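Single-structure report; data block below.
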Amino acid sequence: MAFWRESDGVLIAGDVVNNMNIWTGIPGLHEPKPYLTPDPIENRRSIRKIAELAPKLMLVGHGPRSGTRSA
């Protein structure tokens, strides 16, 4: 599930992506490990849809926020 606010480009993306390696804690955008999502192929489709939105600020379930807006 994701929530998109077009007026300011904010996306709450939940667990469709991680903004850190879940094992090392090193920041960086990653798709979930295949064993952590019930349908990796559908998850990739969702990632592509999110990329088309070009969010200015993205909040995800794991890792720091990602985007061009300041706090």
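The values are calculated or read from the model by the stated rules, or taken from the named source; none is laboratory data. Please read all numbers here as calculations on a predicted model, not as lab measurements. Cβ sites come from the backbone with ideal geometry, for glycine too, and all protein chains shown count toward neighbours.
Remarks
- The residue pairs whose first member lies in segment 35-58 and is within 12 Å of residue 2 (Cβ to Cβ) and modelled with pLDDT under 95, whose second member is surrounded by fewer than 14 Cβ atoms within 10 Å (Cβ to Cβ) and of a type in the set (D, E, K, R), and whose beta carbons are closer than 8 Å, counting only pairs six or more residues apart or on different chains, are 58/65.
- Residues of segment 1-31 satisfying the condition of being out of contact with any Gly (no Cβ under 7 Å at 6 or more places or on another chain) and in a strand (DSSP E or B): 3, 4, 5, 10, 11, 12, 13, 28, 29, 30
- Residue 22 of a type in the set (A, V, I, L, M) and at pLDDT below 85: yes
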